[in-house]
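Okay, structure first, notes after.
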Amino acid sequence: MSDRRLARWATTSARVVAGSAVATAVVVGAVAGIAAPWPSFTADPVRLQVTPAPSDTVVACDGPVFALGRVAESAAGLTVGAVQDVVSGPDAADAEVSSVSGATGDGSGDATVFRAPPRDRVATPFAAAGSATAASPDLTGFSASACRPPLAESWLVAGATTTGANDLVVLSNPGDVPATVQLSVYGAQGVSTPPSGTGLVVPAGAQRVVPLAGLLLGEESPVVRVVATGAPVRASLQTSLTRVLLPGGSDQVAPLAQAATTLVIPGVSVLTTGEGNVGTVLRLLSPGADASATVTVTPVGGAGVTGNPRTLELPAGTPTSLDLSGLAPGPYTVSVEATQPVVGGVWATTGFGEGADFAWYSPSPEFAASGLVAVARGAGASIVLAADAARGAASVTLTPQDGGAPVTVAVPAGGSVAVPVNAGVYELAPDAPVHAAVSYSAPGALAAYPLWPADAAAGAVTILP
């Protein structure tokens, strides 16, 4: 081999050996790097806590009591049977007053809406309630109801579509955009979605009234579910009754916001044992499609349980009625405990003859913090306070917003207290959770409505940019 070729071979071999050594070093380094612990770095995302500005406090009233079919030329036409008298505050200047219209062509059926803008980024407390007395040959009775914010979902547990009943579903939209409403009716055959209750458009600032008989005819114990999209609506049920040709009373019934496993219905007035007629009835529904519910019903007097608890099975999707007429006359709170979410209400009457009236009592949510409540004008008014046995006794202070002296009452655990009150706006301040309602009981006049706490202030929201 020549010297030149020998030198070239030696140079090439050296390069191969050097390359192999470098490759080996890279591989060994990579393996060692993978095996060795890597440095860690955690970057905390930027977080910004912002408290949303509170919205306006909006409460819509039921409006007047309607009479259906008084005009011979229009059997479905509505007229005003009794004008609603509204109490509001603490100061009427705190709110802008408007109305929802469209129930009657002449504007007489318009319902009042209060809108209180926030102050210094704090929601303005405001409360209102109304009452009406109908006294005509075809419509009588005393009605009272609280003005409430609209809801996306409501449950109406009241009324009937049998002979003599003349009931109306009243839908009000106090918002700025139209609402589309679906009415589902639960009856003896289960739930139905009638065409007359499907796709109901309630324009902004408008009211729409739907006869209950047009949804499900011949039903003794209906329950109506109201679902609104686009905008929430204020839903209520106006119910009236005629026995043969004798009017038997009327009422404006408050909605439930949702089904629950515990219902507390304060302020039920049992005024008659029935004398062969059913004078007090509890209506319950387990709206679940599959599971039935086991419920325990307990009547509670002022000092505690005064009637034997009763347990019954509720079939899924079918309303069930329980006769409570065996109770001695007096005021009661009806407590319902269920294994599945249920909705319910109690019907009671002053009697069955001339001048009789009736009322539907709706469950009251828990009132855990101070808030404003309104008492509409009417004879025999009282605020009824009930405390759960499991939550313990409570002390509640009622402070009139017109400058009157506050009143503090003790509510026993598992009992209730009725505080006589005058019409007006009160601050209700409990030191422990209670359930509250306004109840009216006078000769020929019976009514009640639950008291709801004010919407909680908006909490801080964490934003991650």
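The values are calculated or read from the model by the stated rules, or taken from the named source; none is laboratory data. All of these numbers come straight from a predicted model, not from anything done at the bench. In this analysis, Cβ positions are derived from the backbone assuming ideal geometry, glycine residues included, and neighbour counts consider all displayed protein chains. When the accessible area is computed, the model is the full protein with side chains, heavy atoms only, and any ligands, DNA or RNA have been set aside. Shrake-Rupley method; radii C 1.70, N 1.55, O 1.52, S 1.80 Å.
Key figures for this structure:
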item: Cα-based shape type of the range 83-221, given that a ≥ b ≥ c are square roots of the gyration tensor eigenvalues and the cut on a/c is 1.5; result: prolate
item: Whole-angstrom gap from the range 84-98 to the range 101-168, using each part's C-alpha centre; result: 14
item: Extension gain, Asp176 back to Ala369 (0.36 nm per residue minus Cα-Cα distance, nm); result: 66.5 nm
item: For Ala356, distant residues with modelled amide H under 5 Å away; result: none
item: Under the Karplus curve 6.51 cos²θ - 1.76 cosθ + 1.60, θ = phi - 60°, whole-Hz ³J(HN,Hα) for the range 257-264, x wherever Gly or Pro sits; result: 7, 6, 6, 8, 7, 10, 10, 10
item: Accessible area of Leu241 in the full protein assembly, 1.4 Å probe (Å², nearest 10); result: 40
item: Pairwise centroid distance, computed over Cα atoms, of the range 358-387 with the range 221-282, Å; result: 15
item: In sequence order, calculated HN-Hα J values of the range 99-110 (Karplus, 6.51, -1.76, 1.60; Hz; x Gly/Pro); result: 8, 9, 10, x, 5, 10, x, 9, x, 5, x, 4
item: Rounded if a/c under 1.5, otherwise prolate or oblate - the range 293-360, Cα gyration tensor axes; result: oblate
item: Exposure of Thr229 as accessible area (Å², to 10), given a probe of 1.4 Å and all protein chains; result: 80
item: For the range 145-239: rounded, prolate or oblate by the Cα gyration tensor [a/c cutoff 1.5]; result: prolate
item: Other-chain or far-sequence residues with amide H under 5 Å of Ala165's (modelled H); result: Thr242
item: Sequence-distant residues sharing a close amide H with Gly205 (under 5 Å, placed H); result: Asn173, Gly175
item: Using θ = phi - 60° and Karplus 6.51 cos²θ - 1.76 cosθ + 1.60, couplings along the range 212-229 (whole Hz; Gly, Pro as x); result: 5, 5, x, 9, 7, 7, x, 9, 7, 9, x, 10, 10, 9, 10, 10, 10, 10
item: Pairwise label distance in nanometres, Glu220 with Thr339, each label 7 Å out on the Cα-Cβ vector; result: 2.6
item: Computed FRET value (nearest 0.05) for Ser108 with Val244, which takes r as the C-beta separation and R₀ as 22 Å; result: 0.15
